[in-house]
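Notes follow once the structure below has been shown.
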Amino acid sequence: MKTLLMIKPDIVENGLHGEIIAFVLRNRFRITDLRMVSMDKAMAERFYEVHKNKDFFAPLVEYVTSGPVVAMEIDGENVITKIRSLVGATDPVEAKPGTIRHMYGISIRNNAVHASDSPEAAKKELAIVFGDS
Ligand code: CMP
């Protein structure tokens with residue numbers, strides 16, 4: 001099974017992406033692909049399509065296209081659930097200590113990383129980010 005873990009632009013801008021990659025590896029996950037990507041608007045809208053009717057959709061698209069992201073393909077048994085548990089709750093205020101969002105998130109939007117939440121989402125999101133490789 002594969003999932004996508006994506007480090008968001010403000011983290012990359014602040015030079016903290018290396019720490020998150022190291023944290024993922026230290027937790028014994030296997031990164032099978034890794035790429036820095038500048039998402040354009042159309043790509044971001046497709047990526048976050050499930051949220052298109054939410055009031056946070058437009059600012060979310062603007063945020064995620066504000067600079068390059070770092071995308072990782074991670075492979076392993078039950079990796080979707082395991083990575084989501086390492087990532088923590090969407091809102092960093094609710095994320096447990098020791099999780100990526102607790103350590104690096106600053107708001108519900110600027111929550112450091114995105115992780116696929118289902119096999120279908122992982123397939124779609126990996127295709128969007130790594131599709132042309
Ligand atoms: P992510 O896991 O990438 O999936 C959708 C993203 O939308 C989420 O992380 C946040 O960046 C953002 N988001 C979710 N809920 C809210 C909200 N209530 N207000 C602003 N942004 C949100």
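The values are calculated or read from the model by the stated rules, or taken from the named source; none is laboratory data. Here the structure is a predicted model, which is why all the values come from computation and not from measurement. Quick reminder, even Gly has a Cβ in these numbers, built from the backbone with ideal geometry, and neighbours come from all protein chains shown.
Values computed for the structure shown
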item: Failed condition for LYS52, given (1) buried (at least 20 other Cβ atoms within 10 Å of the Cβ); (2) within 13 Å of the ligand (Cβ to nearest atom); result: (1)
item: Members of the range 102-133 found to be at pLDDT below 95 and either of a type in the set (D, E, K, R) or within 15 Å of the ligand (Cβ to nearest atom) (or both), listed by number; result: ASP132
item: Cβ pairs under 6 Å, 6+ apart, first in the range 66-93 and among the basic types (Lys, Arg), second within 13 Å of the ligand (Cβ to nearest atom); result: ARG84/ALA115
item: Residues that are without any contact (Cβ under 8 Å) to a residue 24 or more places away in the chain and either over 22 Å from ARG35 (Cβ atoms) or outside any helix (DSSP H, G or I) (or both), drawn from the range 109-133; result: GLY131, ASP132
item: The one condition in (1) buried (at least 17 other Cβ atoms within 10 Å of the Cβ); (2) within 11 Å of the ligand (Cβ to nearest atom); (3) hydroxyl-bearing (Ser, Thr, Tyr); (4) over 14 Å from MET72 (Cα atoms) that THR99 fails to fulfil; result: (2)
